[in-house]
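Undergrad: I have a structure here, written as structure tokens, and I will follow up with some questions on it.
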Amino acid sequence: MNAISDGSNDTMSDKNKYMSNKETFDFNQAIPIIDEDTEFFPLMSPQDEEEMNKADVPEELPILPLRNTVLFPGVVIPITVGREKSIKLIKDSYKGDHTVAVVSQKNMNVEDPEFSDLHRVGTVAHIIKTLQMPDGNTTVILQGKQRIILDELVQEDPYLIAKVSRHPEKKLKKTKEFRALISSIKEMALQIIELSPNIPGEAGVAVKNIESQTFLINFIASNLTIEMDKKQKLLERIDFNKRAESLIEHLTSEVQMLELKNQIQNKVRVDLDKQQRDYFLNQQLKTIQEELGGNTPDVELEELRKKAKSKKWSKEVGKHFNKELDKLARINPAAADYSIQLNYLEVLLDLPWNEYSKDNFDLNRAIKILDKDHYGLEKVKQRIIEYLAVLKLKNDMKAPILCLVGPPGVGKTSLGKSIAQALGRKYTRMALGGLRDEAEIRGHRKTYIGAMPGRIIQSLKKAGTSNPVFVLDEIDKLGSDFKGDPSSALLEVLDPEQNTTFYDQYIEMEYDLSKVMFIATANTLNSIQPALLDRMEIIEVNGYTIEEKKEIARKHLLPKQRKMHGISGKEVSLRADIIEKIIEEYTRESGVRGLEKKIGSVIRGTATRMVMEKPYNRSPNKDDIEEYLGAPIYDKDIYESNNVAGVVTGLAWTAVGGDILFIESSLSPGKGKLNLTGNLGDVMKESASIALAYLRSHAEEFGIDIAVFDKWDIHIHVPAGATPKDGPSAGITMLTALVSLFTQRKVKSNLAMTGEITLRGKVLPVGGIKEKILAAKRANVKEIILCKANRKDVLEIKKDYIKDLKFHYVNEMSEVIKLALLKSKVKNAKEL
């Protein structure tokens, strides 16, 4: 039994006084039975109860939900009201007839209960008094009247109102057995008050002075410390005798519990010094846990030993675990070291020592999964299939350590999930971006407060196997500071010769990572230290072509966006030319993240029209796209004419794919000065100097008078001056532009080129060939000049993408000039 019930919003407040009243109450006339200024509330007599039961119950009442208590008829309780709906209800009822229906919630955690969240049986209550507390909450004193049943919801806002009816109750039979039952209830209640140190002695006086037998039952049930559901069942019981029997069962249980508590306390109630006191308190806790069926320290140790027997760890690990377990047994459970040691042993048990998931060696299935989830990326897929094939032949093969390098949004991270699904392995991911602390990799020593294993060990614990697919995301963005260098800590993790004995400082044991398939992702290799780079197998994941993006949009992005926005394929579809328009005019990227966002905008625009019942095209046209996405953001790069000498089309690689650029050159009278503009980097400026030096030394070969170099100033400009440009790949383009400028010969139409030059006139290979070729195709270029060493890069591109292009492979600069320049001169050629 509980004389003080804790409360919160719409619950019993802190002190539940033993209150009732002796005046009658008419529900229809709403006459208050207790004056608002009353300080003490007398207990209810049988006559008061009879008059209260005769009162009529209104057909409709506002519903006040209670969170963690049940109101019984005749009982007076204070509650603290905090919910806005409840405050509004109290204010309105207090201005009116002071009558509300009080019903308990089924789940006390529901903040805004609906009608279905409430029990069917409640109590009509009269609002005696409202008090505004200093903390802003409202305390309301309520007196229960009659049991009611909620029949039907009438109103939800601003608060619940429902039709109610009187709860039926069997007529009370006052037999000898019943009188004995009531006497037992009263005696047990007095016994609980005496045994419990938390209940004041005045409560016994209140219980003794209660004359009404029904009110006695209600009063004791209201103050009983039992679960809400059990209290609600007491309220709902129709048979009064059964209700009394249930109550005495709960009282008996509480008496036994109090006697047991006192017995335990008496065992250790002696004056002890601090050490002895701690010891005996632990013995008391142990006794309580044994009585409650909980785990004592001895039971915990036994459970740890039992779990250890099922682990597949080596003898060394088992020996170390038993040693640490024996150490735990010697530590006082109240000491701080106990929980540290216990946590350490639990981590050892949770790790998947020598536990491996079974690989699925169905290569055809793996190919289907990879093709389904990702379009293109043939190199990566081929490497995974090769690994799976070799693993099928040689079971104990060490897992490869791959590093996928490519621009953002091409699917590097999501590829890890597909690989895990294809192999039938668990998947885990660790974001390395901004990681600066070495302990994140190797863990902290367990002696430190708050120590924990490193992220590698934690991820394996979470995965539950020792051979998951482990994605190390953004490995190029690792940082370092005074706490250490995480990239150096990864050297051990990613070295196949070392990671069989990976040492985590928290575990203090070697752990085998050789079966883990590590897949690192990066946007660039420049920021990865060479030693770490050497340990990984680099696979370039290049940007997608327009054709690939169109397929990805059709097969993946469009269905995904339709599903996200609740639209079917019949309602919205995008034609191939519309997807191409979005790609070329609204995105400028290697991946497809921006494309997905733009497709999402189109879908949302269509959905808005659908909901507003406006006319819309199921297959949006170009005008619809511009309405949904606005005016085109990017202009398509188009090859320009060859009417001007000294202007040549080059090819460039950018972080968002390939692009074409125009090398412009002009002459003005002067002393042979070279001027470079266009926000060029040092390497690109050096290319211009090399091109001019080569041209000076070979002027006769190109029919140029050597004297002109001292009479004319040269200006080379690369448009888009706000964009930084660098790299050696514009070397042959600059030299071609200079030869065209000094000879005034036309450049071959629809031609582009890329390659590095040397002072000897050699043409060297460059990177980013795939992106550059696709950019040339988009710009309607028909012929491309490349170094012969770049032929291998062209062969890796699907033939369908380059079927309209003609490639010229060269080794010498003289070959470039023969291919690029026509014999005819430009219109209005200068006389040098």
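The values are calculated or read from the model by the stated rules, or taken from the named source; none is laboratory data. Worth saying up front: this structure is predicted, and the values here are computed from it rather than measured. As a convention, Cβ positions derive from the backbone with ideal geometry for all residues, glycine included, and neighbour counts pool all protein chains shown. The accessibility values were calculated without ligands, DNA or RNA, using every heavy atom of the protein model including side chains. Shrake-Rupley method; radii C 1.70, N 1.55, O 1.52, S 1.80 Å.
Undergrad: Can you spot the lysines whose alpha carbon is less than 20 Å from LYS261's alpha carbon? Ignore those fewer than 8 places along the same chain.
TA: Cα-Cα hits under 20 Å: LYS286.
Undergrad: Still on this structure, please answer the following. Which value in Å is the Kirkwood Rh of region 41-166 over different Cα pairs?
TA: One over the average 1/r among Cα pairs gives 14.7 Å for region 41-166.
Undergrad: So what are the three principal axis dimensions of region 458-511 from its Cα atoms, in whole Å, longest to shortest?
TA: Sorted largest first, the three principal extents are 31, 24, 22 Å.
Undergrad: Which cross-chain or sequence-distant (5 or more) residues have an amide H under 5 Å from the amide H of VAL810, H modelled 1.01 Å from N in plane?
TA: The list, which skips near neighbours in sequence, is LEU786, CYS787, LYS788.
Undergrad: Another question, then. Based on the alpha-carbon gyration tensor of region 738-779 and its eigenvalue square roots a ≥ b ≥ c, which shape applies: rounded if a/c is under 1.5, prolate if not and a/b is larger than b/c, or oblate?
TA: Oblate, because a/c is 1.5 or more while a/b does not exceed b/c.
Undergrad: Where the eigenvalues come from the Cα gyration tensor of region 653-732, what are the semi-axes √(5λ) of the equivalent ellipsoid, largest first, in whole Å?
TA: Ellipsoid half-lengths, sorted descending, are 26, 14, 10 Å.
Undergrad: Give the Rg (one decimal place) followed by the Dmax (whole number) of region 99-242, computed from C-alpha coordinates and expressed in Å.
TA: Final numbers for Rg and Dmax: 17.5, 52 Å.
Undergrad: Got a sec? Charge dipole of the chain, +1 on Cβ for Lys and Arg, -1 for Asp and Glu; which of THR545, ASN811, PRO78 is way out at the positive end?
TA: Working it through, the farthest residue towards the positive pole turns out to be ASN811.
Undergrad: Pairs to check: LYS461/LYS563; LYS581/LYS803; LYS106/LYS163; LYS311/LYS446. Give those whose C-alpha atoms are more than 25 Å from each other in this structure. Display every interim value, and only then the final one.
TA: Details: LYS461/LYS563 34 Å; LYS581/LYS803 22 Å; LYS106/LYS163 19 Å; LYS311/LYS446 22 Å.
Flagged as over cut-off: LYS461/LYS563.
Undergrad: Heavy-atom accessible area of ILE182 with all protein chains present, probe 1.4 Å, nearest 10 Å²?
TA: Its accessible surface works out to 10 Å², give or take rounding.
Undergrad: Ignoring ligands, DNA and RNA, what accessible area per residue does the chain give at 1.4 Å, in Å²?
TA: Numbers: 41260 Å² over 832 residues.
Accessible area per residue, the chain: 50 Å².
Undergrad: Continuing with the same structure: For region 542-601 and region 122-170, write down the distance between their C-alpha centroids in whole Å.
TA: With region 542-601 and region 122-170 each reduced to a Cα centre, they are spaced 57 Å.
Undergrad: Next up: Counting only pairs 8 or more places apart or on different chains, how many lysine pairs in region 334-397 have C-alpha atoms closer than 16 Å?
TA: Details: LYS358/LYS392; LYS358/LYS394; LYS368/LYS379; LYS368/LYS381; LYS372/LYS381.
So the count of such lysine pairs works out to 5.
Undergrad: With only alpha-carbon pairs counted, each pair once and no self-pairs, how large is the Kirkwood hydrodynamic radius of the chain in angstroms?
TA: 35.6 Å
Undergrad: To continue, here is another question. Two decimals is fine: what is log10 I(q)/I(0) at q = 0.14 Å⁻¹ for region 537-693, from a Debye sum with one equal scatterer on every Cα and no solvent?
TA: -0.81
Undergrad: On to the next question. Rounded to two decimals, what is the ratio between the C-alpha radius of gyration of region 725-809 and 2.2 N^0.38 Å? Mind dumping the intermediate values first?
TA: Working: Rg = 13.1 Å, N = 85, 2.2 N^0.38 = 11.9 Å.
The value comes to 1.10.
Undergrad: Let me ask another. For the chain, give the magnitude of the charge dipole about the Cα centre (Cβ charges: +1 Lys/Arg, -1 Asp/Glu; no others), in debye to the nearest 20.
TA: Magnitude of the dipole: close to 3520 debye.
Undergrad: In addition: Taking the full set of protein chains and a 1.4 angstrom probe, give the accessible area of TRP313 in square angstrom, rounded to the nearest 10.
TA: Only protein atoms counted, so the area is about 40 Å².
Undergrad: At 1.4 Å probe size, with the rest of the protein present, what percent of the exposed accessible area of the chain is carbon and sulfur atoms?
TA: Roughly 49 percent, rounded to a whole number.
Undergrad: Rounded to two decimals, what ratio of Rg to Rh does region 328-387 give with C-alpha atoms and a Kirkwood Rh?
TA: The Rg/Rh ratio comes out at 1.44.
Undergrad: Can I ask one more? How much of the pair distance distribution for region 680-777 lies past 22 Å, counting alpha-carbon pairs only, in percent?
TA: More than 22 Å apart: 32 percent of the Cα pairs in region 680-777.
Undergrad: Where both partners of a DSSP beta bridge lie in the chain, what percent of those bridges are antiparallel, to the nearest 5?
TA: If we restrict to bridges inside the chain, about 60 percent are antiparallel.
Undergrad: Using only the alpha-carbon atoms of region 374-459, report the extent along each of the three principal axes, biggest first, to the nearest angstrom.
TA: Per principal axis, max minus min of the Cα coordinates gives 47, 35, 17 Å.
Undergrad: If I model region 186-228 as equal point scatterers sitting on the Cα atoms and use the Debye formula, what is log10 I(q)/I(0) at q = 0.14, 0.21 Å⁻¹?
TA: -0.30, -0.67
Undergrad: To continue, here is another question. Calculate, axis by axis, the spread of Cα positions in region 304-441 along the three principal axes, and write the results as whole Å, longest axis first.
TA: Projected onto the principal axes, the Cα atoms of region 304-441 cover 61, 38, 20 Å.
Undergrad: Can you pull out the trypsin sites (Lys or Arg not before Pro) in region 722-784 whose DSSP state is coil and whose Cβ has at most 13 other Cβ atoms within 10 Å?
TA: Here the sparse-neighbourhood loop sites are ARG760.
Undergrad: Under a cut-off of 19 Å between alpha-carbon atoms, report the lysines in cross-link reach of LYS242, not counting same-chain residues fewer than 8 places apart.
TA: Leaving aside lysines fewer than 8 places away in the same chain, those within reach of LYS242 are LYS170, LYS171, LYS173, LYS174, LYS176, LYS186, LYS230, LYS231, LYS233.
Undergrad: Next question. Stokes-Einstein D for region 447-570 at 4 °C, 1.567 mPa s, Kirkwood Rh over Cα pairs, in µm²/s?
TA: Translational diffusion coefficient: 73 µm²/s.
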